[in-house]
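What follows draws every value from the coordinates through simple rules; no lab data is involved. Just so it is clear, the model here is predicted, and its values are computed rather than measured. No Cβ is skipped: glycine too gets one built from the backbone with ideal geometry, and neighbour counts run over all protein chains shown.
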Amino acid sequence: MRKCLTCCLMLILIYPLGVDLYLVGLPDIARDLNASAVDLHTAFSIYLAGMASTMIIAGIVSDRFGRKPIALLGALIFSCASYGAALTITADQFLFARFWQGVGAGFCYVVTFAILRDALDDDKRSKVLSVINGITCIVPVIAPVLGYLLLMNFKWPSLFTGMAIFAGISCFVCLVWLDETYHKNKDAHQATDRSGESLLSSLFLSRLFITCLSITAILTYVNTSPIILINQMGFSTAQYSISMAVLASFSMATSFLMPYLLSWLGQTRVLFLSQMLFLVCACVFFFTQALYLNTYLNLVGFAMIGVSFAMGFGVLMSQALKPFKQNAGLASSVLAICQIAFSAGYIWTMGMLGVSAVNMLIILLVFSSIANVIILIAVPNEQRSLQV
């Protein structure tokens, strides 16, 4: 089991590594490739597009041919695309490589959740996903530091060479250590009707909706934090970086404590507590703005968003996959695509409407906390998955 979890951890780290490691090299990339600011922004969007466009394929294929081939293929694609990005000499070539990085990362992301669904029961899966979530929170903190150290001695292509090496090692480790998990379910449930595992089950749809709101909350926080901390509160770049690292530590600590918290309070109480924290966060931002309180209270709100997300996300993902024994890959891909699309759509819509950064957070947090509590009461985890 430790070997399986090690493989899952390496696979899940590929996605955030592709997002965060290269950021410190953006000025050098722009100079050497003669890339515009639009190109640099597109490099992130096209990475997510690569993930979203092929996740369904990865999920369906893994449900048919097994998890291990998709894990190996995803890591291999990411490794090759990363090495290709290191060799690019034009912005178009760079964006092409970034798209295929996203494809590889998407394969790895989807298959990781499917493997955990196959290998672990609901309680263990919730705890493991919470810990994995904490480890992935470390990447945005450590990746810029590693990137800076690489740039001290090498040029920006070394950032992508590093990604290629990590993905290559992940591929080799999975080849040696990862046992196929899907056939176990297949053998044990030969009589199971796949049509009984509907994506329209009440449990899946409810957790899909809640996780979409949770992901949107954390991504809105990440996107609005520079505006609030730098533009409104006057933080320097160094102060902002330090603040984000400290704030991330709250999420990490919460994630690592989740196995104990779940054993003590249980999944239901933890989820309700996480949603109450979202509402408290909204109150902190609202009263800080309305009553002209010390703006440093915004940092308290940011920290609580991270804590609330860490408390709920792993549990919710585990519950969402609970109805699926044969179609866990497909379910994982649908979850990931909807989360990406919903969060991008919300941030884009609020931006087009001219909603301020703080109000974007307040609106989302209030709606999320109220709607999610209602859904959790209406569709408890113990409820048998009903067909719609």
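For segment 296-311, in order, what is each residue's ³J(HN,Hα) by Karplus, 6.51 cos²θ - 1.76 cosθ + 1.60 with θ = phi - 60°, in whole Hz (x at glycine and Pro)?
Each residue of segment 296-311 in turn: 5, 5, 4, 5, 5, x, 4, 4, 5, 4, x, 5, 4, 4, 5, 5 Hz.
What nm value, rounded to one decimal, do you get for the distance between Tyr148 and Asp92 when each label is placed 7 Å out toward the C-beta?
Once both label points are built, they end up 3.7 nm from each other.
Could you give the dipole magnitude of the chain about its Cα centre, charging the beta-carbon of Lys and Arg +1 and that of Asp and Glu -1, in debye to the nearest 20?
Values: 20 positive and 16 negative charges, 109 e Å.
So the dipole magnitude of the chain works out to roughly 520 debye.
Can you bin every Cα-Cα distance in segment 199-378 into 5 Å intervals starting at zero and give me the percent of pairs per bin, rounded to whole numbers?
1, 8, 17, 19, 20, 16, 10, 5, 2, 1, 0
If R0 is 22 Å, what FRET efficiency do you get for Leu9 and Ala245 from their C-beta distance, rounded to 0.05? Working shown, then result.
Values: r = 21 Å, r/R0 = 0.96.
Efficiency for this residue pair is about 0.55.
Let me know the whole percent of all Cα-Cα pairs from segment 2-183 that are separated by more than 22 Å.
Working: 7112 of 16471 pairs.
For segment 2-183, the share of Cα pairs beyond 22 Å comes to 43 percent.
Counting helices only, and only those DSSP H runs with n ≥ 4, report the 222 nm mean residue ellipticity of the chain as the sum of -39,500 (n - 2.57) divided by its residues, in deg cm²/dmol to the nearest 500.
On the way: 14 runs with 316 residues, N = 388.
Computed ellipticity for the chain at 222 nm equals -28500 deg cm²/dmol.
What FRET efficiency comes out for the pair Ser45/Arg269, r = Cβ-Cβ distance, R0 = 45 Å, nearest 0.05?
Numbers: r = 38 Å, r/R0 = 0.85.
It comes to 0.70.
Please report how far the C-alpha centroid of segment 81-128 lies from that of segment 267-311, rounded to the nearest whole angstrom.
Measuring centre to centre over Cα atoms gives 31 Å.
If I model the chain as equal point scatterers sitting on the Cα atoms and use the Debye formula, what is log10 I(q)/I(0) at q = 0.14 Å⁻¹?
At q = 0.14 Å⁻¹ the computed log10 ratios are -1.29.
Could you derive backbone 3J(HN,Hα) for segment 100-113 from the dihedral phi with the Karplus parameters 6.51, -1.76 and 1.60 (θ = phi - 60°), listing whole Hz in sequence and x where the residue is Gly or Pro?
Karplus values, whole Hz, x for Gly and Pro: 6, 4, x, 4, x, 5, x, 4, 5, 5, 5, 5, 4, 5.
Suppose we flag chymotrypsin sites (Phe, Trp or Tyr not before Pro) only when DSSP calls them loop and at most 15 other Cβ atoms lie within 10 Å. Which is the longest uninterrupted stretch of the chain? Kindly include the intermediate steps, with their values, before the conclusion.
Details: sites that count: Phe154, Tyr292, Tyr296.
My reading of the result: 1-153 is the longest stretch.
If r is the Cβ-Cβ distance from Ala37 to Ile227 and R0 is 25 Å, what FRET efficiency results, to the nearest 0.05?
Values: r = 17 Å, r/R0 = 0.67.
Efficiency, from the Cβ-Cβ distance: 0.90.
Stick to Cα atoms and the Kirkwood definition of Rh, then tell me Rg/Rh for segment 90-172. Intermediate values should be presented prior to the final figure.
Numbers: Rg = 16.0 Å, Rh = 15.1 Å.
Result for segment 90-172 is an Rg/Rh of 1.05.
Pairs of lysines 8 or more apart, or on different chains, with alpha carbons under 28 Å: count those in the chain, would you?
25
Tally Lys and Arg at +1 and Asp and Glu at -1 over the other residues with C-beta under 13 Å from the C-beta of Arg98: what net charge comes out?
Details: positive: none; negative: Asp39, Asp92.
Around Arg98, the charge tally is -2.
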